[in-house]
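Colleague: Input: one structure, supplied below.
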Amino acid sequence: MTAETALKPRMVGRSIKRREDPQLITGHGNYLDDIKLPGMAHAAILRSPYAHANIKSIDTSQAAALPGVIGVYTGNDMLDINPLPYAWQAAGVPNNANGPRVLASDAVHYVGEGVAVVVAEDRYVARDALDLVEVDYEPLPTVVDAELTTHPDAPQLHENAPNNIVFDWSCGDKEKAVAGLAQADVVVSERIINQRLIPTPMETRGALGRYDPGTDEYTLWITSQAPHVHKLILSAFVMGIPEQKIRVISPNVGGAFGAKIFMYADYPMVLWLSKKVGRPVKYIEDRSENYKVTTHGRDHVTDVEVGATKDGKITSLRVQTYANLGAYLSTAAGGIPTTLYGRIINGVYDIPNIYCNVKGVYTNTAMVDAYRGAGRPEASYLIERMMDRVAVELGVDPAEIRRRNFIQPDQFPYQNVIGQLPYDSGNYERALDRALEMVDYANFRKEQAEARKQGCYLGLGISSYVEICGVAPTAWIMSEGWGAGLWESANVKVHLTGKVVVTTGTMPHGQGVETTFAQIVADELGVPYEDVEIEYGDTSGTPFGYGTYGSRSLVVGGVAMKKSLDKIKAKVKKIAAHLLEANEADMVFEEGKAFVKGSPDNGKTFAEIAAAAAVGANLPEGVEPFLDETSYYDPPNCTFPFGTHICIVEVDKDTGRLDLKRYIAVDDCGNQINPLIVEGQIHGGIAQGLAQALYEHAVYDENGQLLSGTLMDYALPTAAMVPRYETDSTVTPSPVNSMGVKGAGEAGTIASAQAVMNAVVDALSPFGVKHMQMPATPERLWKAIHNK
């Protein structure tokens, strides 16, 4: 059975609306702050106003005396809780690791670091009590810049990290890259800044902990993308509680974008507090805390050199990146700028000589970790901006420069020279051609030239991208510094009445998994779509899984479910053969019915077989009752979705105002289970990439104060600020899995920022502009025009 024929479309391939949505959009969702337990108390955390300071003393007496306060605690009270772990290190090099404690006890290293916690009868009393805690700080020098922090005279954050360097990691062959540059007909150099971003999910983070002294068990409700992983980390690394004594539940999650994968201080804190005060304790961060404390994304400063022949063939690429990781190391901080960035820096291009060096560094800022795309947007932005730079330098059309360097279809599986897993499949030129056709490329160039004569500055930007998805293969990911596996799980259970319940280790939070998984089950078992339920999010009711991120829900979790379905179908045929007194080898199972080959009218329905299996009175010898199968899937490779996006902008030279005229996206995520959901994922991803290109920027001043610390200061786009997207797709099935799927959750973000910025630079090219840093605000655009 090939990838193309594995799923016969009945429900699969149909664009149906998400079954999750009615509950959520009518106010019937169950989010963390909706949960209220008997006797529940509330916690508030006192956070440092300094980015770097010694803590000389903390006086909690006045706060503890406030009516309604149950207790006030400091870092010294919680020293039995270990520092939060650093689970994904940069592979093959020393990592000077420092994880945050639940509360700082001796010194603080960024604005917002917790120093004390108040537990009170309600959140308002808890907040009032924070004002009564007196902390005597000794301010210290700060550093926020990723490159300056490595200088000898920069303030030192941690004793075990000289020059504030966490790791110094490289991939590729430096000598060959240098030689390739020396032999090139043209060398183009650029400094590229991928600015810091704040994920800004609609729902902030939080935690609710309950300790049961009767059973010595802990229950933790959190806004999590990976509840099983949080349970494991709490048990094995942070609190030392036996794993079977912890239950983690993730209710509806109001957006995450990567920021809710990681371990945060408030997770073990509320469990500790619940045991201490003998009541459930809830903590919900406000938006200001979310901006200061929850992980940020991106923040790279990169110097890049590209060598090319005079006819536009890229021969060499050398990259030096400073990756700002913040004051401490978040759970997966090391793998994002190394494995997921450095090893795919060539993008969709066959480049023979590459060297990438990444220095991960500490600064007096919030922790940095995965944000939608996680390393891949940074890599794609870098290579796509440089492809345009080379095209301009050589006078070659930007579409043509890409064609001349694409990895060709007959080169797959493709192995790049910087240690990435083999790219599974691709046809990059087909996606480019379709996007150029949609935009009417040749005619646009004519219109652009005419418009410039009239003083109208249009620009067109192309972005051809590839990403690595379904991040999983355990042996590979562990060799890349990850501290565990990344397989996935699913259980399929069929009740006596033929109704089906799937429990999965994935943790959807907007991906539409309840819908797409049910579509697959309906097709595979021939049951009504409405008869399928998908359950997740409770570690006591689902098989262990590593969660949802890296576009892996379908590619890994969905394939685990497909394996369980295959086991169910095999058992169905065995039971049907027994009931029909036929040879099992002659049995066919199609469209919800098992029958002898050639006699479709004489068979047993799926419901009849499920009932027989559940009753168990008439089963083949050695066959256990009930249809109930669990599978664990560790894929042999990742998958590599790709595509081409094109953006058209117009810039007003007098004001710097930018108008997004058109946005075209042609994406290839392999076989699509639900095209409507795929398109929705693409839409959301593009919006976040556009936002980085034009609006968003997390800014710290030299004292480590977050200047963009509120929604008044951090520019998020509204729906009115993004264009109507024009989308299409090509289909290149993945040979990695039985469904031929690749993943689509991050594609839009990985492709879009550079499409916009390439368009901006193209629009400003008559003024001699060759490069601009993001975000391209009207002020920056006006200055770029008039400074030239």
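Colleague: On a C-alpha basis, how far is the centre of the stretch 442-456 from the centre of the stretch 208-244 in Å? Whole number, if you could?
Modeller: 61
Colleague: On the Cα set of the stretch 379-524, report Rg and Dmax in Å, please.
Modeller: Rg then Dmax for the stretch 379-524, in Å: 22.6, 74.
Colleague: Another one. Enumerate the amide H contacts of Val368 below 5 Å, restricted to partners 5 or more residues apart or on another chain; note that Pro and chain-start residues carry no placed amide H.
Modeller: Answer set, sorted by chain and number: His296, Gly326, Ser330.
Colleague: So what is the relative contact order of the chain, in percent, for Cα pairs below 8 Å that sit 6 or more residues apart? Walk me through the numbers before you get to the answer.
Modeller: Working: 1982 pairs, mean separation 126.0, N = 788.
It comes to 16 percent, rounded to a whole number.
Colleague: Along the principal axes of its C-alpha atoms, what lengths does the stretch 91-201 span, in descending order and rounded to whole Å?
Modeller: So the extents along the principal axes, rounded to whole Å, are 71, 34, 26.
Colleague: What list of ³J(HN,Hα) values in whole Hz, one per residue of the stretch 398-415 in order, does the Karplus curve 6.51 cos²θ - 1.76 cosθ + 1.60 (θ = phi - 60°) give from phi, with Gly and Pro shown as x?
Modeller: With the stated coefficients, the stretch 398-415 comes to x, 5, 5, 4, 6, 4, 5, 10, 4, 5, 8, x, 7, 8, 8, x, 9, 10 Hz.
Colleague: Using the Cα centre of the stretch 112-242 as origin and beta-carbon charges of +1 (Lys, Arg) and -1 (Asp, Glu), tell me which of Leu234, Val118, Met202 is placed farthest towards the positive end of the dipole.
Modeller: Met202
Colleague: In square nanometres, what is one fourth of the surface area of the convex hull spanned by the alpha carbons of the stretch 585-729?
Modeller: On the way: hull surface 73.3 nm².
With the hull built on Cα positions only, its mean projection is 18.3 nm².
Colleague: 5 Å is the cut-off here: which amide hydrogens, built 1.01 Å from N in the peptide plane, fall below it relative to Glu533, excluding neighbours closer than 5 in sequence?
Modeller: Val500, Val501, Val502
Colleague: Got a number for carbon plus sulfur as a percent of the chain's accessible area, 1.4 Å probe?
Modeller: Heavy-atom surface of the chain belonging to carbon and sulfur, 1.4 Å probe: 50 percent.
Colleague: Tally Lys/Arg at +1 and Asp/Glu at -1 over every other residue whose Cβ is under 11 Å from the Cβ of Tyr700; what's the total?
Modeller: -2
Colleague: If you don't mind, another one. Amide H of Val186 versus every other amide H placed in the peptide plane: which residues, excluding those fewer than 5 positions away on the same chain, fall under 5 Å?
Modeller: Here the answer is Ala308, since their amide H atoms fall under 5 Å of that of Val186.
Colleague: Near Glu488, within a Cβ-to-Cβ distance under 12 Å, what is the net charge of the other residues, with Lys and Arg +1 and Asp and Glu -1?
Modeller: Within the 12 Å Cβ shell, the charges total +2.
Colleague: Aspartates and glutamates near Lys604 by alpha-carbon distance under 13 Å, same-chain residues fewer than 8 away left out - which ones?
Modeller: Within the straight-line cut-off, Lys604 pairs with Glu581, Glu590, Glu591.
Colleague: Which ³J(HN,Hα) values in Hz, rounded to whole numbers, follow from the phi angles of the stretch 258-267 under the Karplus curve 6.51 cos²θ - 1.76 cosθ + 1.60, where θ = phi - 60° and Gly and Pro get x?
Modeller: x, 5, 9, 7, 8, 7, 10, 4, 6, 5
Colleague: Exceeding 27 Å between C-alpha atoms, which entries from my cross-link table qualify? They are Lys453/Lys770; Lys310/Lys742; Lys446/Lys653; Lys453/Lys661.
Modeller: Values: Lys453/Lys770 20 Å; Lys310/Lys742 36 Å; Lys446/Lys653 20 Å; Lys453/Lys661 19 Å.
Lys310/Lys742, as the Cα separations exceed 27 Å there.
Colleague: Of all alpha-carbon pairs in the stretch 1-149, indicate the percentage at a distance above 29 angstrom.
Modeller: Here the long-distance tail beyond 29 Å is 47 percent of all Cα pairs in the stretch 1-149.
Colleague: Which option, [x] 13, 32, 23, 14, 12, 6, 0; [y] 14, 41, 34, 10, 0; [z] 16, 46, 31, 7, 0, is the value of P(r) over Cα pairs in 20 Å bins from 0, in percent that was calculated from these coordinates?
Modeller: [z]
Colleague: Now, a different point. So, counting K/R as plus one and D/E as minus one, what does the shell of residues with Cβ under 15 Å around Asp153 add up to?
Modeller: Overall, the nearby charge balance is -3.
Colleague: Which of the listed residues, Gly335, Val494, Ala687, is farthest toward the dipole's positive end in the chain, when Lys, Arg count +1 and Asp, Glu count -1 at the beta-carbon?
Modeller: Ala687
Colleague: To one decimal place, what orientation-averaged projected area in nm² is obtained for the convex hull of the Cα set of the stretch 653-720?
Modeller: 7.6
Colleague: Let me ask another. Treating only the Cβ of Lys, Arg, Asp and Glu as charged (+1, +1, -1, -1), what charge dipole size does the stretch 354-419 show about its Cα centre? Round to the nearest 20 debye.
Modeller: Taking the Cα centre of the stretch 354-419 as origin, the dipole is about 120 debye.
Colleague: Another question, then. Can you tell me the dipole magnitude for the chain around its Cα centre, using point charges on the Cβ only (Lys, Arg +1; Asp, Glu -1), in Debye to the nearest 20? Don't skip to the answer; put the middle values down first.
Modeller: Values: 70 positive and 95 negative charges, 160 e Å.
Computed about the Cα centre, the dipole is about 760 debye.
Colleague: I would also like to ask the following. What does DSSP give for the chain in terms of the percent of beta bridges that are antiparallel, rounded to the nearest 5? Don't skip to the end; give the middle numbers.
Modeller: Working: 102 of 128 bridges.
Here the antiparallel bridges make up roughly 80 percent for the chain.
Colleague: Starting at the first residue of the stretch 303-315, write each ³J(HN,Hα) from the Karplus equation 6.51 cos²θ - 1.76 cosθ + 1.60 with θ = phi - 60°, in whole Hz, x for Gly and Pro.
Modeller: Computed from phi, the couplings for the stretch 303-315 are 10, 10, 10, 10, x, 8, 6, 5, 9, x, 8, 6, 10 Hz.
Colleague: So with the 1.4 Å probe, I'd like the accessible area per residue for the chain, rounded to whole Å².
Modeller: 36
Colleague: Next question. What residue among Ala64, Thr315, Gly297 has its Cα farthest toward the positive end of the dipole of the chain, where the charges are +1 on Lys, Arg and -1 on Asp, Glu, each on the Cβ?
Modeller: Towards the positive end, the residue furthest out is Thr315.
Colleague: Using +1 on the beta carbon of Lys and Arg, -1 on that of Asp and Glu, and nothing else charged, what's the dipole of the stretch 683-788 about the Cα centre, debye to 20?
Modeller: For the stretch 683-788, the charge dipole is close to 300 debye.
Colleague: Additional query: Can you give the calculated 222 nm mean residue ellipticity of the chain, where each DSSP H run of n ≥ 4 adds -39,500 (n - 2.57) and the sum is split over every residue, rounded to the nearest 500 deg cm²/dmol?
Modeller: Rounded to the nearest 500, the figure is -8000 deg cm²/dmol.
The values are calculated or read from the model by the stated rules, or taken from the named source; none is laboratory data. The shown structure was predicted, so the numbers you read here are calculated from the model rather than taken from an experiment. Because the Cβ atoms are built from the backbone with ideal geometry, glycine has one as well, and the counts that use them run over all protein chains shown. Keep in mind that these areas ignore ligands, DNA and RNA; they rest on the heavy atoms of the full protein, side chains included. Shrake-Rupley method; radii C 1.70, N 1.55, O 1.52, S 1.80 Å.
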